[in-house]
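Here the structure comes first, spelled out in structure tokens, and everything after it is commentary.
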Amino acid sequence: MKSRLRVGSLILCFLLCCQGCVHNKHVLMDQGKKLYAEDKYKQSQKIFSKVLKIDEQDAEAHYYLGKVLLKLNDLDGASKEFSSSLKINPRLSQSFSHLGIIAIMKKDYEAAVTFLRNAILYDPADISALNNLGFIFLMKRDYGEALKYYTKSQKILPDDPIANLNLAEIFRKVLLDKEKAVYHYQKYLGAQTQETATALEIRAWLQKTLEELNNERAQIVIERPDPGTPTTADPVPLNRPEDLDSGPENGLDVLQKIQYYETSGDENYNKALLLLLAELEKEPGNALLHKRLVFIYLKLGSLKQAIRELKIVKNMGMQDAETRALWDQINSLSENNTW
């Protein structure tokens, strides 16, 4: 009887001890998060390490310790903790996102893309991951991919300053779409709390560009049912895919418009690129559109993007004479690619 009482007492003590550990772990986690929010990284590091001594399988503690070590510029230590959290919880999107940041800091962009794409696989609304993917492809001059990720980010958070600033830069300097550049610059400026050199430069550009756009709009003439004096059309956004209907290309289908822009002068290649990217959003498996994109990237001098698109065409099974001729053209520009 006494032995049974002793066993029962031991079990009760064990259960109480476990409950105390769990309670203590939660208290420590709250303390660590508070210290982290107050930028007290050394102190929070000690707290999260204590949590892991209580429970080394706590994925959240590994994740927060990784964040702390990243703030302390211990990239390898942070990477180890984020990886540990993923071994426990493979769907922890924020750990993938932070591993992507570390890879960017180490200039390992291929690894960064893999980590960041995993992050948005488990959390499609991860603004940081989307913006960092946009940054990587912008660095690579892959404007189509950069545009895609920044657009997704801006749709989720319309006033996000990072996405809006970079979208404005792409529309202004690559796609030459003043209207969309103006829109995104204005969204960017609306989120700024202080005037910076960048903001001042943007304001100067906006003032000049809005005057130019107003002059362009004033020259647009529409026909009325009754003959009479031509009048100025209502203001409309310019250079959007759906609005490219005011010139000789009016009435053509999308592919015909693209071919028209390809053959009507250097200034229209960006219009063709804009149309193609918009169509590929609707039909990502259209090999013909990918092939047209090869032509445009070659015209714009973007060899890496042209190679990537041509590989997509090949993988889709299109290996006709024109495709092989394109590859020959690319091989003449780069000796590192073989069919």
For 120-127, 293-300, 61-68, ranked highest to lowest by mean beta-carbon neighbours within 10 Å, the order is 61-68, 293-300, 120-127
Total formal charge among the other residues, if their Cβ is under 12 angstrom from that of GLU309, Lys/Arg +1 and Asp/Glu -1:
+4
From the backbone phi of the stretch 284-301, what are the Karplus-calculated ³J(HN,Hα) couplings (6.51 cos²θ - 1.76 cosθ + 1.60, θ = phi - 60°) in whole Hz, Gly and Pro given as x?
x, x, 7, 5, 5, 5, 4, 5, 4, 5, 4, 4, 5, 4, 5, 5, 7, x
Listed peptides 172-183, 94-105 by packing density, highest first (mean Cβ within 10 Å):
94-105, 172-183
Under Karplus coefficients 6.51, -1.76 and 1.60, residue-wise ³J(HN,Hα) of the stretch 49-62 in Hz, glycine/proline x
5, 5, 4, 6, 6, 6, 8, 6, 9, 8, 4, 5, 5, 4
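Let's see if you can work this out: charge +1 on each Lys and Arg Cβ, -1 on each Asp and Glu Cβ, no other charges. What is the dipole magnitude of the stretch 111-166 about its Cα centre, in debye to the nearest 20?
Rounded to the nearest 20 debye, it is 200 debye.
Which peptide among 272-279, 156-163 comes first, and what is the full order, when sorted by highest mean count of other Cβ atoms within 10 Å?
272-279, 156-163
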When only Cα pairs under 8 Å and 6 or more residues apart are kept, what is the percent relative contact order across the stretch 67-159?
18
Quick one: putting +1 on the C-beta of Lys and Arg, -1 on the C-beta of Asp and Glu, what dipole do you get for the stretch 89-138 around its Cα centre, in Debye to the nearest 20?
60
Give the lysines reachable from LYS314 as a straight Cα distance under 18 Å; neighbours fewer than 8 places away on the same chain don't count.
LYS291, LYS304
Karplus couplings for the stretch 176-191 from phi (6.51 cos²θ - 1.76 cosθ + 1.60, θ = phi - 60°), rounded to Hz, Gly and Pro as x?
6, 9, 5, 4, 6, 4, 4, 4, 6, 5, 5, 5, 5, 5, x, 8
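Taken together, the values in this text are just the output of simple stated rules run on the coordinates, not laboratory data. Keep in mind that this is a model prediction, so the values were computed, not measured. Cβ atoms come from the backbone with ideal geometry, glycine included; neighbour counts cover every protein chain shown.
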